[in-house]
Amino acid sequence: MFVQYALKEIKRRKLRSSANIIGYGIAIAFLVVTVTLAQGYNWVAAGTLNGIGTHFVVYVPASETCPCQFGDAGPFFKDTYTPTFNLSIVETIKSLPGVADAAPCMMFKFNNLTICGVDFTSLATKTNVVSPDEIVKGSYLNANNSSGVMVDSVFAQVAKLDVNDTIVAFDRNLTIVGIVNPSLHSKPAGIANIYAPLSVVQEIARSYGDLYNFAVRDINIILVEISPKGDSEYINTVEQSVLGTLESYAGQAGALVGYQCGFTARKVVSVTDDSAWAISIVLLTCVTLFSLKSQFGSVVERTREIGILKAIGWTDSDITKQVFLEALLQGLAGGVIGVGFAYIVTLFIPQLGLLPIQNLVLTISPLLVILGFTTSLSGGIIAGVFPAWRAAKLQPAEALRRF
């Protein structure tokens, strides 16, 4: 009986009901779209900012003087020649708390030519040295390709090199499979002229070591990626732990190279997270206030009718249930319309190119859909029950006399 009467009253008061339902729909759609946009922007910002300052490299600077006697050759990094280490140190650092990944690297110099040997499958390599999305031409190097290399775009331009060309360097014939332009987030390790598999550069370094009589082990640089969670104190702790481990192993003072802006980057990500939630709270409040005003106005218009219903035997509980059900149905309808409209808007925004943000993905999360429906329903409940309770407490004669 209550449902039928509620539907009848909604149809009878088409203007008021339509206004309530449309109001709910607009408010919920605005809520869902705004928070989805905020989350999308946050995802892009977090992806960019978390990639800055969350990675670094460690090494031991030794001397600006070449270790060899008859040529300018040796393991080299950041304008200094460096000692080399066994690969076991990488596994030790990888096991430290807060380290998401660690990778080996051998940077070797002969005269004015620098070659960098890495594990191209490692995350730390892609964040510290070069990644697949930095390929300008050709393809990213397969670690199993012992004769293939990638070259820096500036070096390729100066030397007039192109993909599939053969470059003679370090007494080897190397085939260029890709030309790269390392972006800002991949430069803690610096820019080399040539990028090759680690095993290839190790062989080159050892051959020159034998030729010029200096010892060369496996690597001279360790690439590190920090876990994406944690505050500034956390980042500093991980960095000092890694650096201390290397210094203990080498018995010499080490150095750390990174952007050192991870603290600021993570604070900015936190601000974007807080902004998304702040928008949600503000919009939730607006929806509830709108619902309260709309439903209260609807109940006030029906005070005379409520008096008549009580005069013919309706109880306070019946009145409250009836108004509550009407508000619930209107809130439900508004929620369905709002969420549906939000899906349409978020679907067409990227297709129409209305937001010039690369990599922006707009996906309405199930949690946000539930939040939208809950908001609409709770707004209707709050806005319907309180006025109905007040009207239900009126005596029939007083209600009829006032209206």
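The values are calculated or read from the model by the stated rules, or taken from the named source; none is laboratory data. As the structure is a computational prediction, the values presented were derived from the model and not from experiment. Every residue, glycine among them, receives a Cβ derived from its backbone with ideal geometry; neighbour counts consider all protein chains shown.
Of the residues that sit in segment 215-232 and are of a type in the set (D, E, K, R) and under 21 Å from the mean Cα position of the chain (by Cα), which one is modelled with the highest pLDDT? Before the answer, list the steps.
Quick first cut of segment 215-232, residues of a type in the set (D, E, K, R) only: 217-218, 225, 229, 231.
From the residues that got through so far, the ones that are under 21 Å from the mean Cα position of the chain (by Cα) too are 225, 229, 231.
On the way: Glu225: 88, Lys229: 67, Asp231: 67.
In this case the residue turns out to be Glu225.
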Is it true that some residue in segment 168-181 is within 35 Å of the chain's Cα centre (by Cα) and either outside any strand (DSSP E or B) or without any contact (Cβ under 8 Å) to a residue 12 or more places away in the chain (or both)?
-> yes
Of the numbered conditions (1) among the hydrophobic types (A, V, I, L, M, F, W, C); (2) under 20 Å from Thr84 (Cα atoms); (3) assigned to a helix (DSSP H, G or I), Val238 satisfies every one except a single condition; which is it?
-> (2)
Given the conditions (1) in a helix (DSSP H, G or I); (2) crowded, with 18+ Cβ neighbours inside 10 Å; (3) in contact with a helix residue (DSSP H, G or I) (Cβ under 8 Å, 6 or more places away or on another chain); (4) modelled with pLDDT of 65 or more, report the number of the one that Tyr249 does not fulfil.
-> (2)
May I ask you to verify whether Pro67 is in the same structural domain as Ile191 (by TED's automatic domain parsing), touching a helix residue (DSSP H, G or I) at 6+ places or on another chain (Cβ under 9 Å) and either farther than 25 Å from Ser232 by Cα or modelled with pLDDT of 65 or more (or both)?
-> yes
Return the residue satisfying two criteria in turn: it lies in segment 71-93 and is surrounded by fewer than 18 Cβ atoms within 10 Å (Cβ to Cβ) and either closer than 14 Å to Gln202 by Cβ or of a type in the set (Lys, Arg) (or both), and of such residues it is modelled with the lowest pLDDT.
-> Lys78
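Identify, from the list Ser241, Ser227, the residue that is touching a Leu at 6+ places or on another chain (Cβ under 9 Å), among the hydroxyl-bearing types (Ser, Thr, Tyr) and in contact (Cβ under 8 Å) with a residue 60 or more places away in the chain.
Working: Ser227 fails: touching a Leu at 6+ places or on another chain (Cβ under 9 Å).
Checking each option against the conditions leaves just Ser241.
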Considering only residues that are over 44 Å from the mean Cα position of the chain (by Cα) and outside any helix (DSSP H, G or I), look in segment 193-214 and name the one that is farthest from Asn86 (Cα to Cα).
-> Asn213
Modelled with pLDDT of 90 or more and under 26 Å from Tyr249 (Cα atoms): does that describe Val149?
-> no
Between a first residue in segment 108-132 that is free of Cβ contacts under 8 Å to residues at least 24 places away in the same chain and a second residue that is among the charged types (D, E, K, R) and assigned to a helix (DSSP H, G or I), which pairs have beta carbons less than 9 Å apart while being 6 or more apart in sequence or on different chains?
-> Pro132/Lys126
In segment 387-403, anything surrounded by 14 or more Cβ atoms within 10 Å (Cβ to Cβ) and either modelled with pLDDT of 70 or more or farther than 18 Å from Ser317 by Cα (or both) is listed as Leu400, Phe403
